[in-house]
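Taking it in order: structure first as structure tokens, then the write-up.
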Amino acid sequence: MLGVAGAIYHLEFTYSRKHPVRPAPTVEDLAVFYIPAESEWQATCASMLAAGFKQVTAFNPYWELRGRTYEDRDSYRIVLQQAEWRVGVERGHASRPATPQTGAPKRAAPAGRG
């Protein structure tokens, strides 16, 4: 189990010896952790290497801007992003404002409409 004390969520990784599942990760299967404080981010990156994770180049170049991507022995990927996670900011499109109704980024109207 992985979580933060007092948080309303956690991640739980389970397995069953009776029903084995073969890992089938892709380069876009990511667990992303946002760590705003640079010193904490650097320490966490170092601990990933010490724990045996391999640092890899992210498939999506966005994750290379302020983050590092690591791969475990089953080829699943974890991104440690040196930033604060903000609701309503679409990955890679922070300059587009969110709509007040949904928090989703505004989309341009198709050509010839609007």
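The values are calculated or read from the model by the stated rules, or taken from the named source; none is laboratory data. On a predicted model such as this, the values are computed, not experimentally measured, just so you know. Backbone-built Cβ (ideal geometry, glycine too); neighbour counts: all protein chains shown.
For this structure, a couple of remarks:
- Scanning segment 5-18 for residues that are at pLDDT below 80 and touching a strand residue (DSSP E or B) at 6+ places or on another chain (Cβ under 8 Å) returns Tyr9, Phe13.
- Condition broken by Glu28, with the remaining ones in (1) out of contact with any strand residue (DSSP E or B) (no Cβ under 6 Å at 6 or more places or on another chain); (2) over 17 Å from Ser75 (Cα atoms); (3) of a type outside the set (A, V, I, L, M, F, W, C) satisfied: (2)
- Hey, Leu2 modelled with pLDDT under 95 and out of contact with any Pro (no Cβ under 8 Å at 6 or more places or on another chain) or not: yes
- Test: residue in segment 24-31 that is surrounded by 12 or more Cβ atoms within 10 Å (Cβ to Cβ), touching a residue at least 40 places away in the same chain (Cβ under 8 Å), in a strand (DSSP E or B) and in contact with a helix residue (DSSP H, G or I) (Cβ under 9 Å, 6 or more places away or on another chain): yes
- Residue that is at pLDDT below 85 and out of contact with any Leu (no Cβ under 6 Å at 6 or more places or on another chain), where the choices are Val21, Val56: Val21
- Single residue of segment 32-84 satisfying the filter (in a strand (DSSP E or B) and of a type in the set (A, V, I, L, M, F, W, C)) that is surrounded by the most Cβ atoms within 10 Å (Cβ to Cβ): Leu80
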